[in-house]
Amino acid sequence: MSEATLVMLKNDLKALKLSTMAKFVEEHLRQAMEKSIDYGEFLLELTSLELRIRAENRLKRRIREAKFPLLKPLETFDIEAASGLDVRLFRELARCGYIKEHRNIIFLGKSGTGKTHMATAFGIEACKNDFITRFITCYGLANELIEAREDRELQRLLKRYSRYDLLILDELGYVPFSKEGAELIFQVLAERHERGSLIITTNLGFADWTKIFGDPIMTAALLDRLTHRAHIINCTWESYRLKETLKKRSLSQKEEVAEKPSG
C-alpha cells in the first residue's frame, strides 16, 4: 500500500470515529503482509481491537462517573468471613439481573461488616455490564439536593438521579437529615420506584428509620416502596474491622512478651 493511500485510509477511519483502527492499521497491515493473513482475518483482527478498546474505555468512564470513593471489586470481598451470607444469592446479584428487573438491594448491619464493600463491588459489576451507576452517601445526597434547591437547580438534579440505572446510597442512618433533606431524599427515592434500582447500606433496622426521616407516615410510605420486591441482606456477622484490630492487638502483645528479657 502506498504512503498516500495509507494516509487517506487513516483519515477515513478517523472520520468514521474508528480511532483505534486508525492508530493500529499500519502495524496490522505490516503483520498481515508478513504472515500472509487474508483480508477477512485482517479486518476481523482490526475491528475486534477497536471494539475491545472501546469497551475498556467505556468501563473506565462508567467507573469514573460512578464516583466510588474506593475501588473494592467483587473478588476482594472475603465471603468466607461473612458467616450467614447467602452465597448463592450473592453471586446471583453480582450478575446484575436485579437491575434489569428494577429491584433494590438493602444491606442491614452494624459498622464494619462489609456493607459498603459489597455495595461498591456490585456497583463495579453494574459498570462492567454497561449500567449507568452512581455512588453517594445519603448525607452527601441530602446536601447536594438542598444546595440545588437554593440554586434553583433542583428539578435538573432530580432528573439526573432518576436516570441512573443503579443508585447506591451509602451510610443511611449514620448522620440524621434535616427535615428538608429527608423530604428531598424521599422525593428522589419515590421517583425512582420501579424505574431504576437502588442499593442502600444502613446500620439501622427498619423500625428505626423514623429517627432519620422524622415523619412516621413518610417513613412508612418510603419503606413500602423500597422493600417492595427488594433483596434484603442482614449482615449479622462479626465486624471485619474489629476482628482485624483485635488480631493486630493480640499480635502486638505477643511480640512485646517475646521481646521482654527473661529472669
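Taken together, the values in this text are just the output of simple stated rules run on the coordinates, not laboratory data. Since we're looking at a predicted model, the values are computed, not measured. Cβ sites come from the backbone with ideal geometry, for glycine too, and all protein chains shown count toward neighbours.
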Response to the item:
Subtracting the Cα-Cα distance of Thr236 and Glu92 from 0.36 nm times their residue separation yields 49.8 nm
Discussion item. Once you keep just the Cα pairs under 8 angstrom separated by 6 or more residues, what percentage relative contact order results for the chain?
Written reply: 22
Discussion item. Between helix 138-150 and the chain, what is the angle of the helix's C-alpha long axis to the longest principal axis, kept within 0 to 90° and rounded to the nearest 10?
Written reply: 80
Fill in: Dipole magnitude (debye, nearest 20) for the range 36-175, charges at Cβ of Lys, Arg, Asp, Glu
420
Discussion item. For the range 1-111, take every pair of Cα atoms, bin their distances at 10 Å starting from 0, and report each bin as a whole percent.
Written reply: 10, 27, 21, 16, 16, 8, 1
Practice prompt. Excluding residues fewer than 8 places away in the same chain, name every one of the aspartates and glutamates whose C-alpha is closer than 13 Å to that of Lys67.
Written response: Asp170
Worksheet item: Which Rg and Dmax, in Å, describe the Cα atoms of the range 74-243?
Response: 15.6, 49
Worksheet item: In a Debye calculation with equal point scatterers on the alpha-carbon sites of the range 3-60 and no solvent, what is log10 I(q)/I(0) at q = 0.13, 0.15, 0.26 Å⁻¹?
Response: -0.34, -0.45, -1.10
Practice prompt. Would you work out which of Ile124, Gly109, Gly140 lies farthest towards the positive end of the dipole of the range 109-150, given +1 charges on the beta-carbon of Lys and Arg and -1 on that of Asp and Glu, about the Cα centre?
Written response: Gly109
Worksheet item: Extension gain Lys110-Leu29, at 0.36 nm per residue separation less the Cα-Cα distance, in nm?
Response: 23.3 nm
Worksheet item: Just how large is the dipole of the range 74-243 about the Cα centre, in debye to the nearest 20, putting +1 at every Lys and Arg Cβ and -1 at every Asp and Glu Cβ?
Response: 280
Worksheet item: If you build a Gaussian network model of the chain, linking Cα atoms that sit under 10 Å apart, which residue out of Lys23, Lys35, Lys179 swings the most?
Response: Lys35
